[in-house]
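A short worksheet on the structure shown next.
The values are calculated or read from the model by the stated rules, or taken from the named source; none is laboratory data. Computed from a predicted structure; not experimentally measured. Here the Cβ positions follow ideal geometry from the backbone for every residue, glycine too, while neighbour counts run over all protein chains shown. Heavy atoms of the whole protein, side chains included, go into the accessibility calculation; ligands, DNA and RNA do not. Shrake-Rupley method; radii C 1.70, N 1.55, O 1.52, S 1.80 Å.
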Amino acid sequence: MTTFKDFLSSNSEDPIMESYSEKIISNKLDRDRRKKYEQILKEEYNVSKEEQKAESFSLKKWMSIAASVIVLAGSFYFLNQPTKTSPKELAQAEIAELHIMADQSVMRKGAADFEEIRKQANHFYVNGDYQNALEQWQLLEADQKTNERDYLYKGICYLKLGDSTRALEVLEKIESAKGFELEWNWVIALAHLDTNSTDKAHIHLSKLISEGKYKVAEAKQLIEAI
Amino acid sequence: MNIRKATITQLSTSEKKNFGLEESEFNTMLAHMQAGDDRLFEKVFLSHFKDCMNYLKNSYKSSQSEAYDASMDALLAFRKRMLEGKVKYGNMRFLFTKMASQYLMASKKKSTSEYLEIKDLRLDDQELDNDVMKAFDKAWEKLPHENKNVLEQFYYKKTPLKMIAATKNITEAAMRKQKQRSMEKLKKYLLEHLPSA
């Protein structure tokens, strides 16, 4: 078996030594590449090897804090009811996360002029400029060129801008949203929660759970909160 | 190049199977990689890294770190296979997750004959202890760019000497000597940095 010492002392180019050279150089360059990927994953995608460990530490930390709070509450006994995050607060937290969907927006095909406006709208939308995105979609709507997907994204924009009532008005126009029913159910559920219409939100969240494909865990969590 | 970013419901079946890429985009990505530009590959694959990890965690009940390592091993191996022309446009998502699953199985020591095919792809760090790897890092850093380039082209990218020689406008024999000199220089620097040297 070739060892590292053999590698250092040999000057030959026999296949075994060449294979070892390849292995040791590849090892070095793969390690470098791995480090680079690790850095990108951490900085750009918030993915790291120790994520779960961090989460469990965080959970322990929160449990400790919760225990301290309970002890303190017991001491003063005027805090006799546990605090509960309201559905509206949970919905707002989820609305803040909706950028994931926005980042995955795609340019779609259509008539040239309208396509350009739609591209602009998508561009603003993907970059989180919801006000400008809405203005572009208003132009399409004025020309009756708004399609169902535009309405979905418009609804998200209104949610992002904190106008759930307008979001609902837009989202309710596309009840038969073909191809993105699950996303629509999720977004409209958040809009209903944000306007405290928990019964209506429940209907859409239940649909997501029964479909079992999209935002199932999140939907269950929200239903529990309701 | 326009990197398509789409919700899963907006993609065609073949795009879904290929991380949102159309065949022409896949070919462009491959051409860029072969020219030494990995940016598109990194964007596409690193953006799906978490999906792969989640698949491993859900399907095999693996831990975060196990899923991370297996996905990373698969990513490095997948890249190599792409450069070797062994990955075609078809169902990259399936191939990638399958490869990651195999790395995970191997790491869990459930290795049986069905997983032997990945052994040649694994980094075999056991033979190289930390001191050697640190020395190698220092030696490599010290090595002039030209020498690094030759060794990387030949041993890592597996470019034939004849082709490397052609890009440098020298003969194959001259290229071979340059490669030998680069390797000698690397070994010399290695010896300087090894603790026992």
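Of all residues in region A:1-26, those that are without any contact (Cβ under 8 Å) to a residue 24 or more places away in the chain have Cβ atoms under 6 Å from Cβ atoms of residues that are assigned to a helix (DSSP H, G or I) and open to solvent by 50 Å² or more (accessible area, probe 1.4 Å), 6 or more apart or on another chain, in A:T2/A:I16. Of all the criteria given as (1) within 13 Å of A:Y151 (Cβ to Cβ); (2) open to solvent by 10 Å² or more (accessible area, probe 1.4 Å); (3) under 18 Å from the mean Cα position of the chain (by Cα), the one not satisfied by A:K213 is (1). Considering only residues in region B:129-143 that are in contact (Cβ under 8 Å) with a residue 40 or more places away in the chain and not basic (K, R), the one that is most open to solvent (accessible area, probe 1.4 Å) turns out to be B:D131. Kindly indicate whether any position in region A:133-152 is touching a residue at least 40 places away in the same chain (Cβ under 8 Å), more than 16 Å from A:K88 (Cβ to Cβ) and either of a type outside the set (A, V, I, L, M) or part of a helix (DSSP H, G or I) (or both). Yes: one or more hits.
Each row is one residue, and each column tells you yes or no for (1) under 27 Å from A:W184 (Cα atoms); (2) part of a helix (DSSP H, G or I); (3) modelled with pLDDT of 85 or more.
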site: B:M1; (1), (2), (3): no, no, no
site: B:R4; (1), (2), (3): yes, no, no
site: B:V44; (1), (2), (3): yes, yes, yes
site: B:N54; (1), (2), (3): yes, yes, yes
site: B:Y68; (1), (2), (3): no, yes, yes
site: B:S71; (1), (2), (3): no, yes, yes
site: B:F78; (1), (2), (3): no, yes, yes
site: B:S101; (1), (2), (3): no, yes, yes
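Listed by first and then second residue, the pairs linking a residue in region B:37-50 that is over 20 Å from A:K49 (Cα atoms) and in contact (Cβ under 8 Å) with a residue 40 or more places away in the chain to a residue that is of a type in the set (K, R) and surrounded by 17 or more Cβ atoms within 10 Å (Cβ to Cβ), with Cβ atoms under 8 Å apart and 6 or more places separating them unless they lie on different chains, are B:D38/B:R79; B:F41/B:R79. B:E66: within 11 Å of chain A (Cβ to nearest Cβ) and open to solvent by 60 Å² or more (accessible area, probe 1.4 Å), yes or no? Answer is yes for this residue.
Just checking, does region B:149-164 include any residue being away from every other protein chain (no Cβ under 14 Å), surrounded by fewer than 19 Cβ atoms within 10 Å (Cβ to Cβ) and at pLDDT 90 or above? Yes: one or more hits. The residues of region A:1-40 that are among the acidic types (D, E) and more than 20 Å from B:L143 (Cβ to Cβ), listed by number, are A:D6, A:D14, A:E38. For region A:4-18, the candidate set comprises residues that are polar (S, T, N, Q) and open to solvent by 60 Å² or more (accessible area, probe 1.4 Å); within that set, the residue that is modelled with the lowest pLDDT is A:N11.
Give the residue that is modelled with the lowest pLDDT, with candidates limited to residues of region B:8-38 that are open to solvent by 80 Å² or more (accessible area, probe 1.4 Å) and aliphatic (A, V, I, L, M). Applying the filter and picking the extreme gives B:I8. For region A:130-179, what are the residues that are open to solvent by 30 Å² or more (accessible area, probe 1.4 Å) and among the basic types (K, R)? Residues satisfying the conditions are A:K145, A:R149, A:K160, A:R166, A:K173, A:K178.
Based on what the data block shows, is B:F45 within 28 Å of B:F154 (Cβ to Cβ), among the hydrophobic types (A, V, I, L, M, F, W, C) and surrounded by 15 or more Cβ atoms within 10 Å (Cβ to Cβ)? Spelling it out, B:F45 is indeed within 28 Å of B:F154 (Cβ to Cβ), among the hydrophobic types (A, V, I, L, M, F, W, C) and surrounded by 15 or more Cβ atoms within 10 Å (Cβ to Cβ).
So if I check each of A:R108, A:R118, A:R33, which one is under 22 Å from A:W184 (Cβ atoms) and at pLDDT 80 or above?
Checking each option against the conditions leaves just A:R118.
I need a count of the residues in region A:32-50 that are assigned to a helix (DSSP H, G or I) and either more than 7 Å from chain B (Cβ to nearest Cβ) or open to solvent by 70 Å² or more (accessible area, probe 1.4 Å) (or both). Total meeting the criteria: 8.
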